[in-house]
Every structure is written in C-alpha cells, then in structure tokens.
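All remarks here apply to the structure that follows.
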Amino acid sequence: MNAAVDGAEGEEMTRKKQQSSEVPNMSQRALMQHLSLDNWKIASRLPIPVGELMLSRIREYGWIEIQGEKQNTAIRLTAAGLKAMRSPI
C-alpha cells in the first residue's frame with residue numbers, strides 16, 4: 001500500500017514540476033524580459049538581481065543558456081524561453 005501512495009506522490013510531484021516548467025513565475029519572467037535570443041548578457045549587469053538558484057532552475061527548464069562562471073556569467077534566452085515568457089499567466 002505504501003508503494004501505491006509513494007507512486008501517487010511521485011506522479012503529483014512530476015506534474016507540479018511540469019506545470020512550473022511551462023509557466024515562469026514573476027521573477028523568472030522579469031529576468032527573461034531583459035534577455036534576447038541573439039546577444040549574451042552578463043548576469044551581474046542586469047537591472048534586476050539574479051541568484052545562482054534562479055539561474056540553475058531556469059536553465060533546467062531550458063529557457064536560458066549559460067556560459068562562463070562567477071562574475072563573468074553570461075546568459076541568453078532560448079526559443080523555449082521566449083515561448084514560456086509569452087505564455088499567459
């Protein structure tokens with residue numbers, strides 16, 4: 001019986017992750033509005049603060065590409081990110 005409950009919880013977590021990866025939250029959307037498909041932007045020079053955790057999550061969803069590290073981290077929007085940013089809330 002526990003295996004069935006664990007399986008149901010696992011499916012629910014997967015569904016929540018899929019939903020969250022389809023629609024960006026307000027902070028993620030604000031960040032993506034400052035990015036472009038063509039040009040790389042230095043993360044530390046963006047007009048809004050961006051943490052490593054936010055960048056890693058958005059990267060996992062496939063919405064941005066990242067190159068470099070620390071102070072020289074450059075990011076740009078992907079086609080999937082553009083689609084997610086334009087999706088209705």
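The values are calculated or read from the model by the stated rules, or taken from the named source; none is laboratory data. Because the structure is predicted, anything quoted here is derived from the model rather than measured. No Cβ is skipped: glycine too gets one built from the backbone with ideal geometry, and neighbour counts run over all protein chains shown.
If you take the residues of segment 66-89 that are of a type outside the set (Lys, Arg) and farther than 15 Å from Arg29 by Cα, which of them is nearest to the chain's Cα centre (by Cα)? By that ranking, first place goes to Ile66.
Against the list (1) free of Cβ contacts under 8 Å to residues at least 40 places away in the same chain; (2) in a helix (DSSP H, G or I), the condition Met32 fails is (1). Gln67 fulfils the conditions (1) loosely packed, with under 11 Cβ neighbours inside 10 Å; (2) modelled with pLDDT of 90 or more; (3) of a type outside the set (Asp, Glu); (4) under 22 Å from Ile89 (Cβ atoms) except for a single criterion, (4). Of the residues making up segment 35-47, just one is within 18 Å of Asn25 (Cα to Cα) and exposed (fewer than 11 other Cβ atoms within 10 Å of the Cβ), namely Pro47. If you go through segment 69-80 and keep only what is part of a helix (DSSP H, G or I), within 19 Å of Pro47 (Cα to Cα) and of a type outside the set (Lys, Arg), you end up with Gln71, Asn72.
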